[in-house]
Structures are given as structure tokens and as C-alpha cells.
């Protein structure tokens, strides 16, 4: 070997050494990536599952909230309808409520109105409904032919100082005895008439 060959031979060995080192480093990095890659993938999958579960839970909470708001709105609407019917003097509130509840909706401005193009306010609609259905109002004349009024009843029994409304369980013995005597007197008068 000559002196010129030694440096070139040394350079060749040095470049080969660099290639070997470079290749070893690349192999090491590749191996590390392969080892850490499954951990990253597993972590990403777990994170994706957690996110999907949270999204599902959030969606269910949003749906429950919508349902709760709708139920509260419906309860408020029903209460307002019943109160308006009571204000109008309706005697059979539940019957009237069942008849009109489907015709009343909440408008965009939050007020209760009727469905359709001729949308009317709740009070106007219910007033018209009650006028069309007077059977929902309390009777104007209580009783019928042959039914004595409360004044006549209390007068007929009032002669002995006893009122039917005051007869009840647990009365004082002396008051109970007066009631029995009055009943016996009335029964005797009725039997004499037969």
C-alpha cells in the first residue's frame, strides 16, 4: 500500500461507518415509532370513544331538556286555559277544557291563541265558546218544578227552631233530643194528613 491509498481507504471506512451509524439510527427510530405507535393508536381510540360517549350524553341531555321545556309549556298552557274558563264562570271546567285544549296554541309572541288563519286571543275564543255552549255554565234556576227552595225548607222546620243544615253527628244530647221531638211532630202531622 502506498501513502495515497491510506487516506482514501480511511475515508472509505469513515463513510461506511457513517452509513452504518445512520442506518442504525434510522432502524432505532423506526423501531421506537413501531413500539409507540400502538400506544398512540390505542390512546386515540380510547379518546375517540370517550368523545363519542360525551357527545351521546350531551345529545340525550339536550333532548331531555327539550322534553322538559315542552312539558312545562304544556302544563302552563293547560293552567291558563282552565283559569280563563273559571273566570268566565264555567261550571264544568274539565269538560270545557277537554273540548278546547287542542284548539289553543302558543303564538310566536308567547300569548295563547287559536289555531288557523283566524287566530283569536284566548279570552275572546273562550268567551265565544262559552256563549255557544251555555250548558257548561251553572244552572240559572236551581231545582225544578216541585222542588222547594232552601228558604222554604228552613221555614218549615224553623217553627221548632231546628235547621236541617245543623243536624250532624256528635251533637249535644239536648239538641239531639229536640231534633227527635221535631221529627216526631212532623211525622205525626204527616200521618194525620193521610
How far apart, in nm, are two points set 7 Å out from the Cα along the Cα-to-Cβ line at residue 61 and at residue 164?
-> 6.5 nm
Name the shape class, rounded, prolate or oblate, that the alpha-carbon gyration tensor gives for the range 76-136, where a ≥ b ≥ c are the square roots of its eigenvalues, rounded holds for a/c under 1.5, and otherwise prolate holds if a/b is larger than b/c and oblate otherwise.
-> prolate
Apply 1/(1 + (r/R0)^6) to the Cβ-Cβ distance of residue 46 and residue 68, taking R0 = 35 Å, and write down the FRET efficiency to the nearest 0.05.
-> 0.60
In percent, what relative contact order does the range 53-128 have, based on Cα pairs under 8 Å that are 6 or more apart in sequence?
-> 20 percent
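Over all directions, how big on average is the projection of the convex hull of the alpha-carbon atoms in the range 26-77, in square nanometres? Mind dumping the intermediate values first?
Working: hull surface 14.7 nm².
The number I arrive at for the range 26-77 is 3.7 nm².
Quick check on packing: order 18-25, 176-183 by the mean number of other C-beta atoms within 10 Å, highest mean leading. Before the final figure, lay out the partial values.
Details: 18-25: 10.0, 176-183: 13.6.
In decreasing order of mean packing, 18-25, 176-183 become 176-183, 18-25.
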For residue 102 paired with residue 123, estimate the spin-label separation in nm (one decimal), with each label point 7 Å from Cα along the Cα-to-Cβ line.
-> 2.8 nm
The range 102-125 residues near the modelled residue 76 label - backbone nitrogen below 20 Å, point 7 Å along Cα→Cβ = 102-115, 120-124
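Every number here is computed from the coordinates shown, using simple stated rules; none is lab data. Keep in mind the model is a prediction, meaning the values are calculated, not measured. Ideal geometry is used to build each Cβ from the backbone, glycine not excepted, and the neighbour counts take in all protein chains shown.
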